[in-house]
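Undergrad: Take this structure first; my questions come after.
The values are calculated or read from the model by the stated rules, or taken from the named source; none is laboratory data. Worth saying up front: this structure is predicted, and the values here are computed from it rather than measured. As a convention, Cβ positions derive from the backbone with ideal geometry for all residues, glycine included, and neighbour counts pool all protein chains shown.
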């Protein structure tokens with residue numbers, strides 16, 4: 001193997017500039033996914049059957065089709081229908097956020113249903129409105145139970161963000177491809193990017209453990 005990492009050292013700052021794009025896409029998509037997932041989870045446990053059917057249908061669509069297909073439909077397909085082009089950055093946030101929302105909805109739903117039913121009955125007996133009950137009593141307890149699963153979804157989202165390279169967004173993976181083409185050597189830049197993703201996952205794992213530990217001590 002004729003590996004020569006010295007040839008990509010001058011290009012490492014260029015590759016690392018893609019880290020900002022990657023982190024921004026992941027952070028905004030995670031926020032969108034969490035908000036959407038919470039809304040879908042509430043629909044799934046609502047007494048109105050139509051809301052539950054809608055949430056289940058949404059989840060089945062986004063869990064049953066490939067993420068890269070969803071990304072390409074949003075980036076290439078929507079402009080054909082609407083007549084307006086979508087920037088790769090925005091398309092990535094929408095695709096990852098909508099996809100993540102489907103997975104998070106199941107996690108959040110399970111967390112809500114895992115809360116002791118007595119909490120809900122006590123709040124209803126005291127006349128606490130449903131919205132306040134969910135916001136101040138049920139959801140905070142559910143979040144503690146599902147934090148590991150949410151962190152795992154966030155980590156998965158971080159790794160899957162590399163798919164955005166197929167629509168030309170200047171993320172870590174795309175910049176590694178460009179450097180590989182310029183140097184006529186792809187293995188070294190791809191290994192370097194792999195190391196960057198690995199470090200990101202390790203950091204996120206440690207952050208998740210710290211938050212989980214603080215939540216346990218606060219009980």
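Undergrad: Give just the number: which of (1) under 25 Å from residue 212 (Cβ atoms); (2) surrounded by 13 or more Cβ atoms within 10 Å (Cβ to Cβ) does residue 72 not satisfy?
TA: Checking residue 72 against (1) under 25 Å from residue 212 (Cβ atoms); (2) surrounded by 13 or more Cβ atoms within 10 Å (Cβ to Cβ), the one that fails is (1).
Undergrad: Next up: Specify which of the listed residues (96, 62) is free of Cβ contacts under 8 Å to residues at least 60 places away in the same chain, surrounded by 14 or more Cβ atoms within 10 Å (Cβ to Cβ) and closer than 30 Å to residue 170 by Cβ.
TA: When all the criteria are applied, what remains is 62.
Undergrad: So in segment 167-202, with the set limited to residues that are under 18 Å from the mean Cα position of the chain (by Cα) and not in a helix (DSSP H, G or I), which one is surrounded by the fewest Cβ atoms within 10 Å (Cβ to Cβ)?
TA: My answer is 169.
Undergrad: Would a scan of segment 145-166 turn up a residue that is in a loop (DSSP other than H, G, I, E, B) and within 30 Å of residue 73 (Cα to Cα)?
TA: no
Undergrad: Which of the residues belonging to segment 48-90 are part of a loop (DSSP other than H, G, I, E, B), closer than 16 Å to residue 32 by Cβ and modelled with pLDDT of 95 or more?
TA: The answer is none; no residue qualifies.
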